[in-house]
Structures are given as C-alpha cells and as structure tokens.
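The values are calculated or read from the model by the stated rules, or taken from the named source; none is laboratory data. Since this is a predicted model, take the numbers as computed values, not measurements. Positions of Cβ are backbone-derived with ideal geometry, glycine not excepted, and every protein chain shown enters the neighbour counts. All accessible areas refer to the heavy atoms of the entire protein, side chains included, with ligands and DNA or RNA removed. Shrake-Rupley method; radii C 1.70, N 1.55, O 1.52, S 1.80 Å.
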Amino acid sequence: MTADHDKKFYNTFTVVLGLLVVVALLLIGLARFVGKKQYAVTQADPAVEAAIAERIAPVAKLAIAGEDNSALVTPDQPAEPEQPVQQAAAPAEGTAGKETYNMACVACHGAGIAGAPKYGDAAVWAPRIAKGMDTLHKHAIEGFHGDAGFMPAKGGRVDLSDQVVMDAVDYMVAGSK
C-alpha cells in the first residue's frame with residue numbers, strides 16, 4: 001500500500017510541477033510580448049526619447065583649463081554670467097580678529113578643547129605670550145603639538161589667509177592679558 005501511495009504522490013507532484021513550469025513559461029512569453037509592444041511605442045515618441053536621454057545624462061561635465069570648453073555650455077545656460085561675482089567686503093580695521101575668532105576659533109578656544117587656551121584666561125595664556133608673538137603666529141599658522149595640547153594648522157581652516165589667522169591670535173592675546 002505504501003508503494004502505491006508514494007507512486008500516486010509522485011505522479012501528482014510531477015503533474016503540478018509541470019503545470020507550474022508551463023504557467024511560468026507563458027508568463028515570460030507574455031511579458032516579452034508586452035515589452036516589445038511598449039518599447040515600439042516609446043521609441044516612436046521623441047518626447048519619451050528626450051526624457052530618457054535627460055535621465056541618463058552625466059551629472060557633471062569636466063572643463064579643462066587651456067582647452068576649448070565651449071561644448072560644455074548648454075542652450076539653457078548663458079556662456080557668461082549675467083552679473084559679476086561680488087567679493088565679500090573686507091572687515092573694518094580692528095574687527096577682523098574678532099570676526100575670525102567668532103567664526104573659526106571659538107569652537108576650541110571657547111571651551112578649551114584639545115588643550116586650547118580659553119579666551120580671556122590670562123594664567124594659561126601667560127607662558128605662551130612669553131614665547132613671543134612670532135612664535136604664537138607661527139604655531140597658529142603651521143600648527144603645533146605640545147605637552148598641553150594640539151593646534152591644527154590654521155585651526156583646521158586652511159581656507160583662511162595667514163594674516164587673518166594672525167589677526168585672530170592678536171585678538172585672543174589682547175583679550176587674555
């Protein structure tokens with residue numbers, strides 16, 4: 001009885017599996033047929049082609065100095081900027097150090113992070129000031145690693161000019177005497 005039962009199960013399983021394979025093949029064929037029809041419809045429409053080309057276009061274009069880059073200008077983009085780029089106004093004399101301190105230095109020197117001497121703490125600043133302003137300027141611009149802590153070059157703001165960094169050092173020293 002068991003052999004007949006197993007044989008019946010095997011035959012039923014084979015039929016069901018065969019039907020599933022046939023259904024899968026029919027679905028694949030139907031998908032390919034619909035896909036070909038859809039592809040033919042989209043290829044006939046220039047708006048669809050333009051939209052596809054826009055979606056797969058490169059995100060950026062590379063301009064190389066000294067070479068003709070006129071092909072990089074798109075029709076919807078003017079070749080020359082309409083208005084010249086405005087330079088930021090130079091800070092008033094005497095305020096550059098304070099502005100730089102508030103913009104870049106206060107993050108460490110306001111809280112004493114990484115051994116940075118706090119602004120206004122005369123006791124901590126005194127040994128540093130004793131080394132001279134040239135040394136303080138050099139350490140601020142080039143960076144310094146000492147026993148008390150670490151000063152990254154230009155406070156990690158390499159975009160700042162040397163003069164702006166020196167003005168900020170002068171501001172901190174003046175406020176810490």
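With a sphere of radius 10 Å drawn around the Cβ of A104, what net charge do the other residues whose Cβ falls strictly inside it have (Lys, Arg +1; Asp, Glu -1)?
0
Expressed as a whole percentage, what fraction of the accessible surface of the chain belongs to carbon and sulfur atoms when a 1.4 Å probe is rolled over the protein heavy atoms?
Values: 8730 of 13790 Å².
For the chain, the apolar C and S fraction of the accessible surface comes to 63 percent.
For the peptides 128-136, 26-34, what is the packing order when you average, over each peptide's residues, the other Cβ atoms within 10 Å and list the highest mean first?
Highest to lowest by the protection proxy: 128-136, 26-34.
Pick out, from V59, V23, T2, the residue whose Cα sits farthest towards the positive end of the charge dipole of the chain, with +1 on the Cβ of Lys and Arg and -1 on the Cβ of Asp and Glu.
Working it through, the farthest residue towards the positive pole turns out to be T2.
Arranged from highest to lowest average of other beta-carbon atoms within 10 Å per residue, in what order do the peptides 9-21, 105-117, 160-172 appear?
So the order, starting with the most tightly packed, is 160-172, 105-117, 9-21.
Taking only protein heavy atoms and a 1.4 Å probe, what accessible area per residue, in Å², does the chain have with all protein chains in place? Numbers along the way, then the final one.
Working: 13790 Å² over 177 residues.
Result: 78 Å² of accessible area for each residue.
For the chain: lysine pairs with Cα atoms under 16 Å, gap of 8 or more or different chains, count?
6
Tell me the angle of helix 46-55 to the major Cα principal axis of the chain, expressed in degrees between 0 and 90 and rounded to the nearest ten.
So the inclination is approximately 50 degrees.
Between the helical axis of 2-44 and the dominant principal axis of the chain, each derived from Cα atoms, what acute angle in degrees is found, rounded to the nearest 10?
Approximately 60 degrees, to the nearest ten.
Which net charge results when you count Lys and Arg as +1 and Asp and Glu as -1 among the other residues whose beta-carbon is under 12 Å from that of Y171?
That works out to -1.
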